[in-house]
Amino acid sequence: MQTDPKPGTLYVVGTPIGNLEDITFRAVRILQTVDIIAAEDTRHTGKLLQHFQVKTPQVSYHEHNRTSRIPELLEHLVNNKAIALVSDAGMPGISDPGYELVKACIEAGISVVPIPGASAAITALSAAGLPTDRFVFEGFLPAKSQQRQEHLESLQTESRTLIFYESPHRLRDTLQDLALVWGSDRQIVLGRELTKLYEEFWRGTIAEAIAHYSQREPQGEYTLVVAGIPASQPQLTEEELKAELKQLISQGISRSQASRQLAKFTSLPRRQLYQLALSIVVNPES
């Protein structure tokens with residue numbers, strides 16, 4: 001049933017992630033009839049609005065002005081204006097500051113209504129061919145390699161399918177870190193330019209992805225879908241882990257190398273195993 005936007009309501013509106021035909025009739029109607037559109041990038045959203053002949057005025061709402069803009073938007077809502085929140089692509093609040101405005105509205109007792117639309121994470125997952133019954137969305141990984149590796153280590157024992165976003169200029173480094181922390185034989189699917197003219201899905205192991213993109217320049221925004229660890233992954237007690245580490249160290253490799261090697265076998269965080277390795281006394285004559 002069609003109804004006009006209610007005064008004093010924030011509408012969280014999903015927009016296309018590429019193909020303009022993926023917008024819903026409801027989303028267009030809401031954008032046409034609200035009082036204000038709060039957009040992540042008004043120039044980018046302006047092209048969408050022009051295509052659908054939407055003349056509703058825009059205001060910018062993004063990472064750098066959210067602190068000052070939220071009180072302004074709340075004031076409009078309190079004064080019975082209807083506002084549509086949009087991001088550059090997909091559902092607002094996913095890897096953008098939209099959730100902070102939603103949270104502020106809820107705390108102020110202002111009604112929030114979602115207008116569902118496309119999402120790159122779910123779009124990629126649906127066509128990846130990896131388990132979809134349980135999954136976890138991690139958004140963008142840290143930009144710096146050390147922080148990225150630490151975050152990946154915290155996910156090393158995750159059995160659910162994992163979804164990440166990545167930019168083309170960091171893709172190769174991220175693939176290298178995935179191989180370093182998780183091993184190179186995990187299955188991965190890379191979705192590129194989803195719903196656009198040059199949409200592409202690449203499927204294989206992390207090692208094969210590294211080889212593929214060493215010969216090809218990454219282009220476009222990527223959604224990475226990575227298999228979790230098998231449910232049959234061996235689970236060892238602390239004493240068993242120490243015994244395995246001691247055996248590796250006695251073969252002449254360093255504690256750090258032993259920890260990294262065992263981490264790939266058990267999918268336990270390397271730093272956790274390294275702390276265990278530091279507590280081991282190895283007799284060189286044994």
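The values are calculated or read from the model by the stated rules, or taken from the named source; none is laboratory data. Just so it is clear, the model here is predicted, and its values are computed rather than measured. Note: ideal-geometry Cβ built from the backbone for every residue, glycine included; neighbour counts use all protein chains shown. Surface accessibility is based on the protein's heavy atoms, side chains included, excluding ligands, DNA and RNA. Shrake-Rupley method; radii C 1.70, N 1.55, O 1.52, S 1.80 Å.
Tabulated results
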{"read-out": "Top-ranked residue of the range 183-211 - restricted to ones that are β-branched (Val, Ile, Thr) and under 14 Å from Ala127 (Cα atoms), ranked as surrounded by the most Cβ atoms within 10 Å (Cβ to Cβ)", "value": "Ile188"}
{"read-out": "Among (1) crowded, with 18+ Cβ neighbours inside 10 Å; (2) at positive phi, the one test that Gly139 misses", "value": "(1)"}
{"read-out": "Which numbered condition Thr132 misses (of (1) open to solvent by 40 Å² or more (accessible area, probe 1.4 Å); (2) β-branched (Val, Ile, Thr); (3) closer than 17 Å to Pro269 by Cα)", "value": "(3)"}
{"read-out": "Conditions (1) under 30 Å from Asp35 (Cα atoms); (2) of a type outside the set (Asp, Glu); (3) surrounded by 21 or more Cβ atoms within 10 Å (Cβ to Cβ); (4) more than 17 Å from the chain's Cα centre (by Cα): number failed by Gly98", "value": "(4)"}
{"read-out": "Flag for Gly8 being of a type outside the set (Phe, Trp, Tyr), more than 14 Å from Val113 (Cα to Cα), crowded, with 16+ Cβ neighbours inside 10 Å and in contact with a Lys or Arg (Cβ under 9 Å, 6 or more places away or on another chain)", "value": "no"}
{"read-out": "Residue list for the range 265-280, restricted to those being open to solvent by less than 20 Å² (accessible area, probe 1.4 Å) and either without any contact (Cβ under 8 Å) to a residue 40 or more places away in the chain or closer than 14 Å to Ala243 by Cα (or both)", "value": "Thr266, Leu273, Ala277, Ile280"}
{"read-out": "Residue selected from the range 32-72 under the condition more than 26 Å from the chain's Cα centre (by Cα), free of Cβ contacts under 8 Å to residues at least 40 places away in the same chain and under 15 Å from Ile110 (Cβ atoms), by the criterion surrounded by the fewest Cβ atoms within 10 Å (Cβ to Cβ)", "value": "Pro71"}
{"read-out": "Single unsatisfied condition, Ala127 versus (1) assigned to a loop (DSSP other than H, G, I, E, B); (2) out of contact with any Pro (no Cβ under 7 Å at 6 or more places or on another chain)", "value": "(1)"}
{"read-out": "Candidate set: the range 13-29, residues that are out of contact with any Pro (no Cβ under 6 Å at 6 or more places or on another chain) and crowded, with 20+ Cβ neighbours inside 10 Å; chosen: the one nearest to Glu100 (Cα to Cα)", "value": "Val13"}
{"read-out": "Some residue of the range 143-160 being surrounded by 15 or more Cβ atoms within 10 Å (Cβ to Cβ), farther than 25 Å from Arg271 by Cα and not polar (S, T, N, Q)", "value": "no"}
{"read-out": "Residue ID - farthest from the chain's Cα centre (by Cα), chosen from residues in the range 136-193 that are among the basic types (Lys, Arg) and assigned to a loop (DSSP other than H, G, I, E, B)", "value": "Arg186"}
{"read-out": "Scope the range 107-149; condition touching a residue at least 12 places away in the same chain (Cβ under 8 Å) and among the β-branched types (Val, Ile, Thr); matching residues", "value": "Ile110, Val112, Val113, Ile115, Thr123, Thr132, Val136"}
